[in-house]
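Visitor: Okay, handing you the structure first.
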């Protein structure tokens with residue numbers, strides 16, 4: 001309070017947690033793991049009509065090292081599973097995962113010998129999106145949900 | 001091997017002492033070191049999905065390549081053996097998900113031929129119109145990201161804006177943006193809504209304008225020309241041997257389009273041309289699609305102009321669901337409805353191979369029926385499969401950057417490739 | 001069928017002992033060929049000026065294990081040929097059991113390579129003299145052949161490690177006379 005009275009409106013105080021989370025919330029860098037139809041919808045999501053950059057998440061990174069949001073868009077097969085796991089492991093903390101669409105969430109209608117019945121068999125998932133494929137608006141909602149989630153996190157203490 | 005290299009190096013170095021300047025050949029000779037192996041995919045931004053190639057590199061030049069697929073093998077052919085004929089349609093959507101309706105058409109056309117059903121003219125025309133619209137957006141999805149791979153991002157926005165408008169129309173017509181499931185065996189899910197023709201003509205005009213802009217921006221662009229002309233050419237003979245069909249085959253100069261060769265749905269009555277390339281290089285494979293979009297627009301305009309009225313369903317009771325009124329108030333109607341939904345349409349025993357021109361080439365359905373309501377075996381002949389089988393061979397001798405552009409021009413859709 | 005199509009007539013005339021049967025249904029011509037004779041029939045189809053089947057459009061298989069009508073063998077491999085100049089199609093079928101080998105079509109068409117691999121992967125049928133007969137759609141640790149009718153639809157097989165592809169690469173480098 002002392003600083004704010006002395007410097008007026010030119011400064012404000014907060015907690016480190018809040019600043020970090022505020023930054024994280026508004027600058028999520030997604031790694032689009034687009035494998036199938038949902039990947040095509042992600043292209044629509046990033047393009048001008050829907051424009052995910054309004055939520056600060058337009059910096060699509062294709063290196064897991066630079067991303068903090070894994071957007072799994074499409075069917076994951078058993079042949080693909082080790083690769084997805086490796087990419088998730090390569091992402092630095094803190095990281096979040098969105099399972100986009102029925103296939104990524106539950107295997108969808110591919111209930112057969114080669115499809116993983118939901119990516120949560122391999123990696124933890126924060127938000128599931130229904131739809132085959134989900135509309136871009138649904139993905140936006142998922143990103144917004146995740147942003148609310150990020151705000152409440154106690155990130156500094158967790159680190160220590 | 002190491003010792004031999006050393007000897008070569010000293011031999012090359014000696015003339016320098018006596019005053020001769022080493023030429024560029026000597027310089028590059030020294031650069032030739034051991035081969036480096038690079039995994040290109042399966043999770044790589046330029047592989048558009050889940051394709052993998054292992055490249056053996058000498059510097060940046062690919063001396064040898066092998067491909068691997070199957071990362072999106074989700075068991076289409078096994079799954080559909082457990083579904084009735086109509087329930088297969090949503091699965092076909094997810095083969096080539098950029099132009100779902102063309103897959104619907106290919107599949108329903110095959111089953112209708114097995115049943116020996118003639119569908120009404122209005123249905124045929126609507127299938128032509130919506131199918132060609134799908135072909136246009138499929139080509140847009142090829143063209144847009146293709147130029148992104150070359151660093152020309154603006155073009156993506158130009159074509160994707162129009163693509164979104166098409167999706168709005170398809171959304172209104174079929175209820176889904178991407179995976180439409182619009183066709184049924186013997187008919188369509190629903191008729192055009194009021195004003196649909198006008199909407200379609202408008203989006204078609206929009207697409208034509210957009211690709212006009214893109215062509216203006218790219219066709220005379222030095223970078224685009226340098227990166228595509230003469231890159232990874234496929235001769236006509238090779239293209240046939242590889243089993244190429246569709247735009248990739250026509251880029252190599254072979255005039256084969258099923259819509260002309262074995263016309264279905266009155267394609268032979270429309271006035272349109274088959275664009276054909278000359279060299280089969282990446283340039284031809286990209287720009288043949290521009291011309292195809294324009295030809296599709298021509299077909300759509302003619303089809304809308306001549307769109308006949310009448311029903312969209314065949315009267316054949318083997319496939320047509322009874323009217324809702326009959327289902328609820330009439331025991332025969334109820335039984336008919338029940339049997340069609342639960343047991344499926346009984347297709348006579350036999351086998352058929354039916355081909356239609358999808359966006360990437362010949363989409364064949366080889367269906368074996370045992371006389372029940374469930375297909376005994378459905379084999380899809382995916383056009384992408386043949387294109388990607390050739391990919392490792394045609395990129396050899398070129399550079400990694402060329403491989404990226406070539407892969408884009410082949411337009412591999414993983415859902416169709418791996419099924 | 002009262003009148004046989006010219007393609008089938010020609011095949012029957014040229015290979016009286018090798019063409020087991022012919023049929024036409026809904027406009028599709030089918031000729032069943034003896035397993036041992038498939039290469040020479042395919043070669044004839046490709047090179048004969050009257051047939052000129054220059055495309056191998058499709059190569060796939062069917063498992064007749066639960067098919068109601070008895071068939072000569074459990075599996076059938078179907079070759080779909082297309083002729084660009086004559087604008088005609090034909091289907092050649094070869095019946096085989098799981099332990100019987102079929103001669104590869106790779107020397108005739110490059111497209112046969114991956115399609116035969118797929119048939120091997122999905123049905124377990126082997127092609128003699130195929131340059132690289134290994135799994136293509138399913139992963140390397142997969143056991144069994146999923147499109148066989150006796151493979152349970154939901155029998156899932158997780159994968160431990162990804163194929164390095166170096167075996168294929170070595171073959172290819174060797175063919176080019178390169179070392180690494």
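Visitor: Filter segment C:132-167 down to residues that are modelled with pLDDT of 85 or more and touching a strand residue (DSSP E or B) at 6+ places or on another chain (Cβ under 7 Å) and give me whichever is nearest to the other protein chains (Cβ to nearest Cβ).
Guide: C:147
Visitor: Still on this structure: Give the number of residues within segment A:58-80 that are more than 10 Å from chain B (Cβ to nearest Cβ) and surrounded by fewer than 16 Cβ atoms within 10 Å (Cβ to Cβ). Even if it seems obvious, please write down each step before you answer.
Guide: Our first condition is that a residue be more than 10 Å from chain B (Cβ to nearest Cβ); within segment A:58-80, this holds for A:58-59, A:65-73.
Keeping just the survivors that are surrounded by fewer than 16 Cβ atoms within 10 Å (Cβ to Cβ) gives A:58-59, A:65-66.
Within segment A:58-80, residues that are more than 10 Å from chain B (Cβ to nearest Cβ) and surrounded by fewer than 16 Cβ atoms within 10 Å (Cβ to Cβ) number 4.
Visitor: For segment B:232-242, does any single residue satisfy the condition of being in contact with a strand residue (DSSP E or B) (Cβ under 8 Å, 6 or more places away or on another chain), at the interface with another protein chain (Cβ under 10 Å from one of its Cβ atoms), touching a residue at least 24 places away in the same chain (Cβ under 8 Å) and closer than 20 Å to residue B:386 by Cβ? Give the steps one after another, and end with the answer.
Guide: The initial filter retains those residues of segment B:232-242 that are in contact with a strand residue (DSSP E or B) (Cβ under 8 Å, 6 or more places away or on another chain), namely B:240.
Of the ones still in play, those that are also at the interface with another protein chain (Cβ under 10 Å from one of its Cβ atoms) are B:240.
Those left that are additionally touching a residue at least 24 places away in the same chain (Cβ under 8 Å): none.
Scanning segment B:232-242 turns up no residue that is in contact with a strand residue (DSSP E or B) (Cβ under 8 Å, 6 or more places away or on another chain), at the interface with another protein chain (Cβ under 10 Å from one of its Cβ atoms), touching a residue at least 24 places away in the same chain (Cβ under 8 Å) and closer than 20 Å to residue B:386 by Cβ.
Visitor: Which of the residues that make up segment B:274-292 are part of a loop (DSSP other than H, G, I, E, B) and out of contact with any helix residue (DSSP H, G or I) (no Cβ under 6 Å at 6 or more places or on another chain)? Before the answer, list the steps.
Guide: Narrowing segment B:274-292 to residues part of a loop (DSSP other than H, G, I, E, B): B:274-281.
Selection gives B:278, B:279, B:281.
Visitor: Could I ask something else about it? Any chance segment A:105-113 includes a residue that's assigned to a loop (DSSP other than H, G, I, E, B), surrounded by fewer than 16 Cβ atoms within 10 Å (Cβ to Cβ) and modelled with pLDDT of 85 or more?
Guide: The first filter runs over segment A:105-113 and keeps only residues assigned to a loop (DSSP other than H, G, I, E, B), leaving A:107-113.
Of the ones still in play, those that are also surrounded by fewer than 16 Cβ atoms within 10 Å (Cβ to Cβ) are A:111.
Now restrict to residues that are modelled with pLDDT of 85 or more: A:111.
Yes - at least one qualifying residue is present in segment A:105-113.
Visitor: Right, here's the next one. Among the numbered criteria (1) within 13 Å of chain B (Cβ to nearest Cβ); (2) closer than 25 Å to residue B:263 by Cα; (3) buried (at least 23 other Cβ atoms within 10 Å of the Cβ), which single criterion is violated by residue C:77?
Guide: Going through (1) within 13 Å of chain B (Cβ to nearest Cβ); (2) closer than 25 Å to residue B:263 by Cα; (3) buried (at least 23 other Cβ atoms within 10 Å of the Cβ) one by one, residue C:77 breaks only (2).
Visitor: Which residue, of B:135, B:122, B:127, is more than 14 Å from chain A (Cβ to nearest Cβ), surrounded by fewer than 24 Cβ atoms within 10 Å (Cβ to Cβ) and assigned to a helix (DSSP H, G or I)? Give the derivation first.
Guide: Working: B:135 fails: surrounded by fewer than 24 Cβ atoms within 10 Å (Cβ to Cβ); B:127 fails: surrounded by fewer than 24 Cβ atoms within 10 Å (Cβ to Cβ).
Of the residues listed, the single one that is more than 14 Å from chain A (Cβ to nearest Cβ), surrounded by fewer than 24 Cβ atoms within 10 Å (Cβ to Cβ) and assigned to a helix (DSSP H, G or I) is B:122.
Visitor: Would you mind telling me which numbered condition in (1) over 30 Å from residue C:23 (Cα atoms); (2) within 14 Å of chain C (Cβ to nearest Cβ) residue B:383 fails?
Guide: Residue B:383 satisfies all of (1) over 30 Å from residue C:23 (Cα atoms); (2) within 14 Å of chain C (Cβ to nearest Cβ) except (1).
Visitor: Could you check segment B:245-270 and list, in sequence order, the residues that are buried (at least 20 other Cβ atoms within 10 Å of the Cβ) and farther than 17 Å from residue B:292 by Cα?
Guide: Within segment B:245-270, just B:265 meets the criteria.
Visitor: In segment C:80-98, which residue that is without any contact (Cβ under 8 Å) to a residue 60 or more places away in the chain and assigned to a strand (DSSP E or B) is surrounded by the most Cβ atoms within 10 Å (Cβ to Cβ)?
Guide: To start, the set of residues in segment C:80-98 that are without any contact (Cβ under 8 Å) to a residue 60 or more places away in the chain comprises C:80-87, C:97-98.
Now narrow it down to the ones that are assigned to a strand (DSSP E or B): C:80-83.
Details: C:80: 22, C:81: 23, C:82: 27, C:83: 19.
The residue in question is C:82.
Visitor: When you scan segment B:318-327, do you find a residue that is in contact (Cβ under 8 Å) with a residue 40 or more places away in the chain, buried (at least 20 other Cβ atoms within 10 Å of the Cβ) and in contact with a strand residue (DSSP E or B) (Cβ under 8 Å, 6 or more places away or on another chain), even just one?
Guide: Restricting attention to segment B:318-327, the residues satisfying the condition of being in contact (Cβ under 8 Å) with a residue 40 or more places away in the chain are B:318-320.
Narrowing further to those that are buried (at least 20 other Cβ atoms within 10 Å of the Cβ): B:319.
Imposing the further condition that a residue be in contact with a strand residue (DSSP E or B) (Cβ under 8 Å, 6 or more places away or on another chain) reduces the set to B:319.
Yes - at least one qualifying residue is present in segment B:318-327.
Visitor: Under the condition of being within 11 Å of chain C (Cβ to nearest Cβ) and buried (at least 24 other Cβ atoms within 10 Å of the Cβ), which residue from segment B:395-418 is farthest from residue B:103 (Cα to Cα)?
Guide: Out of the qualifying residues, it is B:418.
Visitor: Another question, then. Does segment C:103-125 contain any residue that is within 18 Å of residue A:116 (Cβ to Cβ) and facing chain B (nearest Cβ under 10 Å)? So that I can check it myself, show each step before the final result.
Guide: Residues of segment C:103-125 that are within 18 Å of residue A:116 (Cβ to Cβ), as a first pass: none.
No, the conditions are met nowhere in segment C:103-125.
Visitor: What helices (runs of 4 or more DSSP H) completely inside segment B:51-119 contain at least 2 residues that are within 14 Å of chain A (Cβ to nearest Cβ) and more than 21 Å from the chain's Cα centre (by Cα)? Can you show your working first?
Guide: Numbers: elements: B:76-79, B:89-93, B:100-115.
Filter on segment B:51-119 gives B:76-79.
Visitor: Another question, then. Would you mind telling me which numbered condition in (1) touching a strand residue (DSSP E or B) at 6+ places or on another chain (Cβ under 8 Å); (2) buried (at least 21 other Cβ atoms within 10 Å of the Cβ) residue B:144 fails?
Guide: (1)
Visitor: Take the residues in segment B:358-370 that are in contact with a strand residue (DSSP E or B) (Cβ under 9 Å, 6 or more places away or on another chain) and more than 7 Å from chain C (Cβ to nearest Cβ); name whichever of them is surrounded by the most Cβ atoms within 10 Å (Cβ to Cβ). So that I can check it myself, show each step before the final result.
Guide: Restricting attention to segment B:358-370, the residues satisfying the condition of being in contact with a strand residue (DSSP E or B) (Cβ under 9 Å, 6 or more places away or on another chain) are B:362-370.
Still in the running and more than 7 Å from chain C (Cβ to nearest Cβ): B:363, B:365, B:367, B:369.
Details: B:363: 31, B:365: 26, B:367: 25, B:369: 22.
Among them, the one singled out is B:363.
Visitor: Anything in segment A:132-148 that is crowded, with 16+ Cβ neighbours inside 10 Å and within 18 Å of the chain's Cα centre (by Cα)? List them, or say none. Give the steps one after another, and end with the answer.
Guide: Filtering segment A:132-148 for residues crowded, with 16+ Cβ neighbours inside 10 Å gives A:132-136, A:138-140, A:142-143, A:146-147.
If the condition is that a residue be crowded, with 16+ Cβ neighbours inside 10 Å and within 18 Å of the chain's Cα centre (by Cα), then A:133, A:134, A:135, A:136, A:138, A:139, A:140, A:142, A:143, A:146, A:147 are the ones that fit.
Visitor: For residue B:45, work out the one condition from (1) at the interface with chain A (Cβ under 7 Å from one of its Cβ atoms); (2) in contact with a strand residue (DSSP E or B) (Cβ under 7 Å, 6 or more places away or on another chain); (3) more than 15 Å from residue B:416 (Cα to Cα) it doesn't fulfil.
Guide: (2)
Visitor: Another question, then. Only residues that are assigned to a loop (DSSP other than H, G, I, E, B) and within 10 Å of chain B (Cβ to nearest Cβ): list them for segment C:168-180, please. Please lay out each step first, then the result.
Guide: To start, the set of residues in segment C:168-180 that are assigned to a loop (DSSP other than H, G, I, E, B) comprises C:176-180.
Scanning segment C:168-180 gives C:176, C:178, C:179, C:180.
Visitor: Considering each residue of segment B:256-273, count those that are within 14 Å of another protein chain (Cβ to nearest Cβ) and touching a helix residue (DSSP H, G or I) at 6+ places or on another chain (Cβ under 9 Å), and give that number. Full working, then the answer.
Guide: Within segment B:256-273, the first condition is being within 14 Å of another protein chain (Cβ to nearest Cβ), and the residues that meet it are B:256-264, B:268.
Subsequent filtering for residues that are touching a helix residue (DSSP H, G or I) at 6+ places or on another chain (Cβ under 9 Å) retains B:256-260, B:263-264, B:268.
Number satisfying all stated conditions: 8.
Visitor: Does segment B:201-211 include one or more residues that are more than 18 Å from residue B:304 (Cα to Cα), in a helix (DSSP H, G or I), within 14 Å of chain A (Cβ to nearest Cβ) and under 23 Å from the mean Cα position of the chain (by Cα)? Spell out the reasoning first.
Guide: Restricting attention to segment B:201-211, the residues satisfying the condition of being more than 18 Å from residue B:304 (Cα to Cα) are B:209-211.
Keeping just the survivors that are in a helix (DSSP H, G or I) gives B:209-211.
Of the ones still in play, those that are also within 14 Å of chain A (Cβ to nearest Cβ) are B:210.
From the residues that got through so far, the ones that are under 23 Å from the mean Cα position of the chain (by Cα) too are B:210.
Checked against the condition, which is being more than 18 Å from residue B:304 (Cα to Cα), in a helix (DSSP H, G or I), within 14 Å of chain A (Cβ to nearest Cβ) and under 23 Å from the mean Cα position of the chain (by Cα), segment B:201-211 yields at least one hit.
Visitor: Output the residues belonging to segment B:185-200 that are in contact with a helix residue (DSSP H, G or I) (Cβ under 7 Å, 6 or more places away or on another chain), surrounded by fewer than 22 Cβ atoms within 10 Å (Cβ to Cβ) and outside any helix (DSSP H, G or I). Write out each step before concluding.
Guide: Our first condition is that a residue be in contact with a helix residue (DSSP H, G or I) (Cβ under 7 Å, 6 or more places away or on another chain); within segment B:185-200, this holds for B:185-189, B:192-193, B:196-197, B:199-200.
Next cut, surrounded by fewer than 22 Cβ atoms within 10 Å (Cβ to Cβ) only: B:189, B:192-193, B:196-197, B:199.
Once the filter is applied, which keeps residues that are in contact with a helix residue (DSSP H, G or I) (Cβ under 7 Å, 6 or more places away or on another chain), surrounded by fewer than 22 Cβ atoms within 10 Å (Cβ to Cβ) and outside any helix (DSSP H, G or I), segment B:185-200 yields B:189, B:192, B:193.
Visitor: Can I ask one more? When the residues of segment A:85-104 are narrowed to those that are surrounded by 24 or more Cβ atoms within 10 Å (Cβ to Cβ) and over 26 Å from residue A:21 (Cα atoms), which ends up farthest from the chain's Cα centre (by Cα)?
Guide: For segment A:85-104, the residue satisfying everything is A:103.
Visitor: Given B:178, B:156, which one is within 30 Å of residue B:345 (Cα to Cα), within 14 Å of another protein chain (Cβ to nearest Cβ) and either surrounded by 15 or more Cβ atoms within 10 Å (Cβ to Cβ) or modelled with pLDDT under 90 (or both)?
Guide: Details: B:156 fails: within 30 Å of residue B:345 (Cα to Cα).
Sole residue among the options that is within 30 Å of residue B:345 (Cα to Cα), within 14 Å of another protein chain (Cβ to nearest Cβ) and either surrounded by 15 or more Cβ atoms within 10 Å (Cβ to Cβ) or modelled with pLDDT under 90 (or both): B:178.
The values are calculated or read from the model by the stated rules, or taken from the named source; none is laboratory data. The model shown is predicted, which means the values in this text are computed figures rather than measured ones. Please note: Cβ atoms are built from the backbone with ideal geometry, for glycine as well, and neighbour counts cover all protein chains shown.
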